[in-house]
Amino acid sequence: MININDFNFAGLKAIVRVDFNVPLNEKGEITDDTRIRGAVPTLKKILADGGSLILMSHMGKPKGKVNPKLSLGQIANAVAAALARPVKFAPDCAKAADAAAALKAGEVLLLENLRFYAEEEGKPVGIEKDDPAYNEAKKQMKERQAEFAKTLASYADVYVNDAFGTAHRRHASTAVIADYFDADHKMLGFLMEKEVTAIDNVLKNAQHPFTAIIGGSKVSSKLAVIKNLLDKVDNLIIGGGMGFTFIKAQGGHIGDSLHEDDLMPEALNVMAAAKEKGVNLSLSVQTIAANEFSNDAERKPVDIFNIPDGWEGMDAGEESLKNWKEIILASKTILWNGPVGVFEFENFAHGTGEIAKYVAEATKNGAYSLVGGGDSVAAVNKFGLADQVSYVSTGGGAMLEAIEGKTLPGVAAIKGE
Ligand code: AMP
């Protein structure tokens with residue numbers, strides 16, 4: 001695989017898959033431009049070399065139909081501002097050959113939302129999976145997807161993927177397109193490289209002790225992550241709503257706390273596997289219980305195995321935090337996904353804030369820390385600690401799938417795995 005730093009784009013047209021799926025308000029104004037800023041280093045490198053840029057992205061879920069509310073035309077000015085140069089706009093991403101051919105060195109062309117074409121995602125439209133004709137429809141759609149990808153590829157000499165947030169999808173622009181470039185003309189952008197390296201740092205090159213902190217609401221959404229981590233970590237901290245399924249499975253009384261009865265056997269399996277593999281599984285011992293699911297509820301610390309009826313565990317108690325602090329501060333590698341309480345409620349955010357502080361402190365002492373997955377990113381931002389951890393991953397779903405041990409199609413298409 002070639003490295004973007006070693007490539008000279010002079011005189012070449014680069015088609016770059018970026019993630020410009022930025023949030024817009026009702027007036028079509030960008031409310032958070034993090035994703036545009038995230039792509040700038042890659043785009044500037046290509047322009048500085050003397051290349052030209054064809055930018056492609058999706059926005060929202062138009063499901064294969066043109067939807068003016070999701071037009072990337074709305075963000076062309078913001079992209080122009082970020083790159084400090086004019087940006088041309090191609091109103092139909094599949095009919096941009098002439099506009100692309102006319103590009104001169106240093107010029108930028110932004111393509112309309114890729115998902116205005118169902119071919120981008122490559123899923124058959126208007127037919128259910130149980131329909132006898134589904135398989136044929138799927139086959140046909142895959143052929144159309146390959147054609148669509150080939151059209152996009154025809155605009156450029158080089159393909160760069162810098163959209164980590166969609167790296168776990170095998171879409172036309174994220175993976176299929178790579179088939180139309182040889183190994184010397186496709187590469188990851190800087191943002192993608194940073195994400196992939198951060199994940200490799202914890203999954204492949206971790207220094208020990210390695211601690212994973214997994215919180216959030218449901219065991220079901222993170223079971224695959226937990227299972228894969230059991231082969232890698234020394235300590236596994238399970239907190240937040242998902243912890244109660246583990247407590248109930250052991251016969252604990254969890255009152256009205258969030259839990260998933262059908263996952264109790266899996267929770268016991270995880271506990272047995274941790275024991276067998278010598279992983280220190282640290283569950284909560286004390287919770288801050290509330291008499292209703294609200295910020296203003298009455299609250300009190302209770303033993304996690306004896307939560308009264310009518311009360312539910314909403315935050316990590318001091319006894320739990322004491323155990324977790326000790327583990328986190330002794331770690332050399334830390335992976336954190338998911339809050340350990342209902343941190344959106346000010347009165348139940350203490351535990352998650354403390355975890356963020358411990359992770360920041362361990363990082364200051366030399367540990368490598370990776371924080372990822374929507375809510376934990378929101379949590380480190382909320383407590384102003386994002387710049388005190390080693391890396392904050394922007395791709396929630398992609399990061400979780402990578403931690404599950406899955407190969408990301410967007411990365412594999414370039415690495416040739
Ligand atoms: P996830 O998307 O699975 O990472 O879950 C994040 C959500 O879990 C956040 O919205 C938290 O409010 C929620 N959460 C964390 N702890 C608890 C808890 N003890 N009870 C209910 N929800 C929780």
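Quick notes on this one:
- Potential lengthening of the chain between K415 and A330 amounts to 27.1 nm, from the contour at 0.36 nm per residue minus the alpha-carbon distance.
- Comparing Cα centroids, segment 230-266 and segment 85-109 end up 53 angstrom apart.
- Gain upon complete extension [K406, E136; 0.36 nm per residue less C-alpha separation]: 94.5 nm
- When +1 charges are put on Lys and Arg Cβ atoms and -1 charges on Asp and Glu Cβ atoms, the dipole computed for the chain relative to its Cα centre reaches about 1200 debye.
- Cross-link reach list, aspartates and glutamates versus K364, counting only Cα pairs under 16 Å and skipping chain neighbours closer than eight places: E326, E354, D387
- Distance between the pseudo-spin-label points of H253 and S220 (7 Å out from Cα toward the beta carbon): 2.8 nm.
- Charge tally for A349 (other residues, Cβ to Cβ under 13 Å; Lys, Arg +1; Asp, Glu -1): -2.
- Averaged per residue, segment 4-188 has 47 square angstrom of accessible surface, using a 1.4 angstrom probe with ligands and nucleic acids left out.
- Amide H to amide H distances under 5 Å link Q286 with I304, G317, S320, where only residues 5 or more positions off or on other chains count and H is placed in the peptide plane.
- Charge dipole of the chain about the Cα centre (unit charges at C-beta), most positive-ward option of I54, A102, I199: A102
- Accessible area per residue for segment 196-404 is 41 Å², calculated with a 1.4 Å probe on protein heavy atoms, without ligands, DNA or RNA.
- Qualifying lysines (Cα of each under 18 Å from Cα of K322; at least 8 residues distant if same chain): K300, K357
- The distance separating the Cα centre of segment 126-162 from that of segment 27-76 comes to 22 Å.
- Extended-chain gain in nm, criterion 0.36 nm per residue less alpha-carbon gap, N381 and N77: 106.7 nm
- Theoretical FRET efficiency, 1/(1+(r/R0)^6), r = Cβ-Cβ of D92 and E344, R0 51 Å, to 0.05: 0.80
- DSSP-defined beta bridges in the chain - what % are antiparallel, rounded to 5: 20
- Out-of-range pairs (alpha-carbon distance over 23 Å; input K63/K218; K277/K415; K218/K248; K277/K332): K63/K218; K277/K415
- FRET efficiency, K129 to D261 (Cβ-Cβ, R0 22 Å, nearest 0.05): 0.20
- Selection among V359, N381, A330 by position relative to the dipole of segment 324-417 gives A330 as farthest towards the positive end (Cβ unit charges, Cα centre).
- Here the Karplus curve 6.51 cos²θ - 1.76 cosθ + 1.60, taken at θ = phi - 60°, turns the phi angles of segment 382-390 into couplings of 4, 8, x, 10, 4, 8, 10, 10, 5 Hz, with x standing for Gly and Pro.
- Cβ-defined net charge surrounding E318, 11 Å radius [Lys, Arg +1; Asp, Glu -1]: -1
- DSSP beta bridges confined to segment 196-404 are antiparallel in about 30 percent of cases.
- Percent carbon-and-sulfur accessible area, the chain, ignoring ligands, DNA and RNA, probe 1.4 Å: 49
- Straight-distance crosslink candidates among aspartates and glutamates, where the alpha carbon sits under 16 Å from K88 and sequence neighbours closer than 8 are dropped: D98, E107, E112
- Take the Cβ atoms of K277 and A48, set R0 to 45 Å, and the FRET efficiency comes out at 0.40.
- Computed about the Cα centre, the dipole magnitude for segment 4-188 is approximately 240 debye when only Lys and Arg (+1) and Asp and Glu (-1) carry charge, each at its Cβ.
- 3J(HN,Hα) along segment 341-351: x, 7, 6, 5, 8, 3, 6, 10, 9, 4, x Hz, from the Karplus curve 6.51 cos²θ - 1.76 cosθ + 1.60 with θ = phi - 60°, whole Hz, x for Gly and Pro.
The values are calculated or read from the model by the stated rules, or taken from the named source; none is laboratory data. Only a predicted model underlies this, so the values are computations on that prediction, with no experimental measurement involved. Every residue, glycine as well, gets a Cβ built from its backbone with ideal geometry; the counts of neighbours run over all protein chains shown. These area figures cover heavy atoms from the full protein model, side chains too; ligands, DNA and RNA do not enter into them. Shrake-Rupley method; radii C 1.70, N 1.55, O 1.52, S 1.80 Å.
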